[in-house]
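S.K.: Below is one structure. I have some questions about it.
The values are calculated or read from the model by the stated rules, or taken from the named source; none is laboratory data. Because the structure is a prediction, the values reported are computed rather than measured. Heads up, the Cβs are rebuilt from the backbone with ideal geometry, glycines too, and the neighbour counts pull from every protein chain shown. Ligands, DNA and RNA are excluded from the accessible area calculation, which covers all protein heavy atoms including side chains. Shrake-Rupley method; radii C 1.70, N 1.55, O 1.52, S 1.80 Å.
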Amino acid sequence: MMIKQPASVSFHFAEKVNLSNRTDLKAFIITLFKKEKKKLGELSFVFCSDAYLLEINKQYLKHNYYTDIITFDLSVVPGLISGEIYISIDRVKDNAQNFNASFKEELHRVIFHGALHLCGYRDKTEAEEMLMRKMEDRYLKLYFRK
């Protein structure tokens, strides 16, 4: 008999960040997976610095450059998605400024971006990137329409 475990979203802070409405955001992330017809197990977000994420990028991906997000799919059970998403607060701040967006909007864009990666969306080609942006925009609009 399989025990049904509820979806779980957690936030961890290696770097201080103002993340309001955490309970609503967790529920919305679970809804995002449902809308994408994916079953969510456990998902952890870790908010960190550039230096912290650069070390992860070097160690696990063999990349020696800064990035705003790294998503690890840790799924073990087929059809049940689990993962860890690391987000550099430093990059999010810079990106917000570069894209003329608020920090809050850019932070949520990156949060949804990581979730969408776990749902199967990619961003390596121009076409994939366009679809990813479209989906990020869709979920940003849904989340902030409240």
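S.K.: Alpha carbon centre of segment 15-75 versus segment 108-146: separation in Å?
M.R.: 13
S.K.: Excluding same-chain residues fewer than 8 positions from Lys37, which lysines have a Cα within less than 25 Å of its Cα?
M.R.: Lys4, Lys26, Lys124, Lys134, Lys141, Lys146
S.K.: Let me know the charge dipole size of the chain about its Cα centre in debye, to the nearest 20, where only the beta-carbon of Lys, Arg (+1) and Asp, Glu (-1) is charged.
M.R.: On the way: 23 positive and 19 negative charges, 144 e Å.
Result for the chain is approximately 700 debye, rounded to the nearest 20.
S.K.: Rounded to two decimals, what ratio of Rg to Rh does the chain give with C-alpha atoms and a Kirkwood Rh?
M.R.: On the way: Rg = 15.0 Å, Rh = 15.8 Å.
Rg/Rh: 0.95.
S.K.: Also: Can you tally the net charge around Val46? Count Lys and Arg as +1, Asp and Glu as -1, for every other residue whose Cβ sits under 10 Å from the Cβ of Val46. It would help to have the intermediate numbers written out before the result.
M.R.: Values: positive: none; negative: Glu15, Glu84.
Residues near Val46 contribute -2 overall.
S.K.: May I ask you to order 84-90, 98-104, 128-134, 70-76 by the average number of other C-beta atoms within 10 Å around their residues, highest value first?
M.R.: On the way: 84-90: 22.6, 98-104: 11.6, 128-134: 13.1, 70-76: 14.9.
Ranked from most to least packed, the peptides come out as 84-90, 70-76, 128-134, 98-104.
S.K.: Arranged from highest to lowest average of other beta-carbon atoms within 10 Å per residue, in what order do the peptides 6-19, 112-125 appear? Intermediate results must be reported in sequence, preceding the final value.
M.R.: Values: 6-19: 13.5, 112-125: 17.7.
Those peptides, ordered most packed to least, come out 112-125, 6-19.
S.K.: I'd like to check one number: the per residue accessible area of the chain, probe 1.4 Å, reported in Å² as a whole number.
M.R.: On the way: 8920 Å² over 146 residues.
Heavy-atom SASA per residue in the chain reads 61 Å².
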